[in-house]
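To keep things clear, I will list the structure first and then write my remarks on it.
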Amino acid sequence: MYEGAVQDLIDEFGRLPGIGPKSAQRIAFHVLEADREDMNRLADAIRAVKDKVKFCEVCFNVTEQEKCNICRDTRRDATVLCVVEESKDVMAVERTRSFRGRYHVLGGSINPIGGIGPEQLHIRELLNRLHDDTIEEVIIATDPNLEGEATSTYLARMLKSLGIKVTRLASGLPVGGDLEYADEVTLGRAFEGRRSAIG
């Protein structure tokens, strides 16, 4: 245990996701040893993100304006909506350059053990967006884990009655992976999503 401000800083870094006690200590000592100007810029960036960034009033992606740049882009296909768990998932899909539609960010996934049910997510807002008859397809792009699967199943059942085409991202084996290391769900999905091996 260090005293005062040093220990407080280590404790705060330790609360960040993916940062263990040793990493928290390393980062805290980096801050101590770093140039004051660099750390002031870091502190200013943290303050700015908390002061300026909010959620898009349409899709709940992060933005500094009322609507995010994707929702403001009139060139995007308004008939296809990709539903993701978090804003970082929007960026992951955008990096593929394969999707030109719009998004809806749920703000998490259904996780009964963590106390997160459908009412804690932006599902009501999703349903409101689907009532204007513009959207023809909803692509569910939740994580391929238990919570993502539960969320996907819940959404698919709920959207079935609306007469909108509902699809789910294909998932399976990663390129360069070994079959023996694949879990049962991934391997099962790979079999379900198999396609012709000939041209």
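Nothing in this text is a laboratory measurement; each read-out follows from the coordinates by a stated rule. Computed from a predicted model, the values in this text were never measured in an experiment. Cβ sites come from the backbone with ideal geometry, for glycine too, and all protein chains shown count toward neighbours.
Can you pull out the GluC sites (Glu not before Pro) in the stretch 1-99 whose DSSP state is coil and whose Cβ has at most 16 other Cβ atoms within 10 Å?
Of the GluC sites (Glu not before Pro), the ones in loops of the stretch 1-99 whose Cβ has at most 16 other Cβ atoms within 10 Å are 3, 57, 64, 66.
What is the helix-to-structure angle for 36-52, meaning the angle in degrees between its Cα long axis and the longest Cα principal axis of the chain, kept from 0 to 90 and rounded to the nearest 10?
That helix lies at roughly 40 degrees to the long axis.
Run the helix sum for the chain: -39,500 (n - 2.57) per DSSP H stretch of 4+ residues, divided by residue count, reported at 222 nm to the nearest 500 deg cm²/dmol.
Working: 8 runs with 86 residues, N = 199.
Result for the chain, helices only: -13000 deg cm²/dmol.
As a quick test, which of the pairs 67/88; 88/160; 50/88 have an alpha carbon distance above 22 angstrom in this structure?
Working: 67/88 17 Å; 88/160 27 Å; 50/88 17 Å.
The answer is 88/160.
For the chain, calculate the relative contact order in percent as a whole number, restricting contacts to Cα pairs under 8 Å that are 6 or more residues apart.
With pairs under 8 Å counted, the relative contact order is 12 percent.
Sequence-distant or interchain residues sharing an amide H contact under 5 Å with residue 82, placed H: which?
102, 103, 104, 139
How far is helix 21-33 tilted, in degrees, relative to the longest principal axis of the Cα atoms in the chain, given as a value from 0 to 90 rounded to the nearest 10?
Roughly 50 degrees between the two axes.
Run the numbers for residue 182 and residue 47: contour at 0.36 nm per residue of separation, minus the present Cα-Cα distance, in nm. Kindly include the intermediate steps, with their values, before the conclusion.
Values: separation 135, 0.36 × 135 = 48.60 nm, distance 4.22 nm.
Here the segment from residue 182 to residue 47 would lengthen by 44.4 nm.
Evaluate the relative contact order of the stretch 140-182 (contact order divided by residue number), counting alpha-carbon pairs under 8 angstrom at least 6 apart; express in whole percent.
Here the relative contact order equals 36 percent.
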